[in-house]
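The structure appears right after this line, and notes come after that.
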Amino acid sequence: MTATTSSRLRTEVPGPESRALHLRRTSAVAAGVGSVLPAYVTSASGGLLTDADGNTLIDLGSGIAVTNVGHAAPAVVDRVREQAERFTHTCFMITPYEGYVEVCETLNQLTPGDHEKRSVLFNSGAEAVENAVKIARVATGRQAVVVFDHAYHGRTNLTMALTAKSVPYKHGFGPFAPEVYRVPGSYPCHDGLTGEDAAAAAIDRIEKQLGPGSVAAIVIEPIQGEGGFIEPAPGFLPALSRWCEANGAVFVADEVQTGFCRTGAWFASEHEDVVPDMIATAKGIAGGLPLAAVTGRAELMDAVPPGGLGGTYGGNPIACAAALGAIETMRTENLADAAKSIGDTVLPRLRAVAQQTGVIGDVRGRGAMLAVEFVRPGTPEPDPDLTKRVAAACHAAGVVVLTCGTYGNVVRLLPPLTMPADLLDEGLSVLETSIREEASR
């Protein structure tokens, strides 16, 4: 394939230095940890990753929606450096510090709703979701948790139970936590339902199989991530939120992947004016450092007695400093609007490719959370083989793209929100060429 990125590549991808590093890895790192593209990165900036062979790769993955503010945002770097020079850890549960409090204050202000809120900090998205469930159960005195087809919520034991897809996330790892119940969601290009009708079907299942008085929480991604970047039909989320309010259940928005300007709003719940009772965040919160949070209504969050929440590293001071720098960058550079501009650029171009090739069942997304779903021509049948070939062609040409979906037939795009327009255009051109060439094989 003739790629516009060829001038950025010194070797094949991965090159000899990366292959040597990968050989070391096989004897040191557990096989269960995979990598999409084993090109070993030595530096990153401006939407470009430089690998051990000197190749520069266009990053349309952002470390799975983590580096929203770029790979080394100055405000993040400066705050991290200053904090590391003062102290790296005390454990907030032992001797607290202002940075943790300031992050919680900021989250309480940023997240949807003007009600009184509280926040608590953790290390990962799975940890945040798991603690949201814990809080909901204590606050309601109920046990049942409702989740959805195609959901992904993490890899801990409880969040594996919440996650829908078996391989590779769940197979062989059971038994799983009980009192988790799965219902149909909204997948507009496949179910053809309005949001209200899809919600009615889900609610009917909940009421018949559980009863409203048993439900502690409904946990849902406003746009499903690993399940295929599935954006529910309008009206679906508000209907579920209203049902929770009417029946004393907690509406938990898992915004781990959708949060922090990724979808063109600070949080994806805002697109339909949904105000979650609790919201779980991570990934883009801290510019690449491990941090996560649960933010929710004060009366819910305060239902857990002292000592019931926490963790040794949760809200580490360096991660808190990074979060404050990342949020400062999002505000000053108006990255929510930057995400909208990315979507406005990408969606028309990929929809044109869909019309030309006949192998794309849907092009969808909000802001800079975008997806292409591949199907066999003339059918809704998933085509994971074509998806793999398209991704591999992009990787060989020096463009990092990710795949996802219950059926493995979705290419997803998550560029840094700070990516220059010309670099986005270059990466998108490689993707378009890869689709056309692989579709014609």
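The values are calculated or read from the model by the stated rules, or taken from the named source; none is laboratory data. It should be emphasised that the depicted structure is a prediction, and the values quoted were computed from it without experimental measurement. Note: ideal-geometry Cβ built from the backbone for every residue, glycine included; neighbour counts use all protein chains shown.
What the table shows:
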read-out	value
Candidates Thr406, Thr379, Thr345, filtered to the one that is of a type in the set (Val, Ile, Thr), surrounded by fewer than 20 Cβ atoms within 10 Å (Cβ to Cβ) and not in a helix (DSSP H, G or I)	Thr379
Residue match in the range 54-69 (condition: over 27 Å from Gly398 (Cβ atoms) and assigned by TED's automatic domain parsing to the domain that holds Gly427)	no
Matching residues, the range 102-161, being among the acidic types (Asp, Glu) and either in the same structural domain as Cys404 (by TED's automatic domain parsing) or farther than 25 Å from Ala201 by Cα (or both)	Glu102, Glu105, Asp114, Glu116, Glu127, Glu130
In the range 54-89, the residues that are touching a Lys or Arg at 6+ places or on another chain (Cβ under 6 Å) and over 24 Å from Leu324 (Cβ atoms)	Gly54, Asn55, Thr56
In the range 270-315, residue nearest to the chain's Cα centre (by Cα) [restricted to those that are of a type in the set (S, T, N, Q) and crowded, with 18+ Cβ neighbours inside 10 Å]	Thr281
Criterion violated by Glu373 - all others in (1) closer than 19 Å to Ile64 by Cα; (2) outside any helix (DSSP H, G or I); (3) in the same structural domain as His89 (by TED's automatic domain parsing) satisfied	(3)
Any chance Gly307 is in the same structural domain as Pro276 (by TED's automatic domain parsing), closer than 30 Å to Val133 by Cβ and not in a helix (DSSP H, G or I)	yes
Residue, farthest from the chain's Cα centre (by Cα), within the range 414-441, restricted to residues that are more than 20 Å from Asn55 (Cβ to Cβ) and surrounded by 21 or more Cβ atoms within 10 Å (Cβ to Cβ)	Glu438
Candidates Gly185, Gly174 - the one that is assigned to a loop (DSSP other than H, G, I, E, B) and modelled with pLDDT under 95	Gly174
Filtered residue count, the range 212-227, keeping only those that are assigned to a helix (DSSP H, G or I) and over 21 Å from Leu158 (Cβ atoms)	2
Residues (closer than 28 Å to Val133 by Cβ, part of a helix (DSSP H, G or I) and of a type outside the set (A, V, I, L, M, F, W, C)) located in the range 310-342	Pro317
Leading residue by the ranking (surrounded by the fewest Cβ atoms within 10 Å (Cβ to Cβ)) among those in the range 242-259 that are among the hydrophobic types (A, V, I, L, M, F, W, C) and out of contact with any Leu (no Cβ under 8 Å at 6 or more places or on another chain)	Ala246
Scope the range 199-211; condition small (Gly, Ala, Ser), in a helix (DSSP H, G or I) and closer than 17 Å to Phe251 by Cα; matching residues	Ala199, Ala200, Ala202
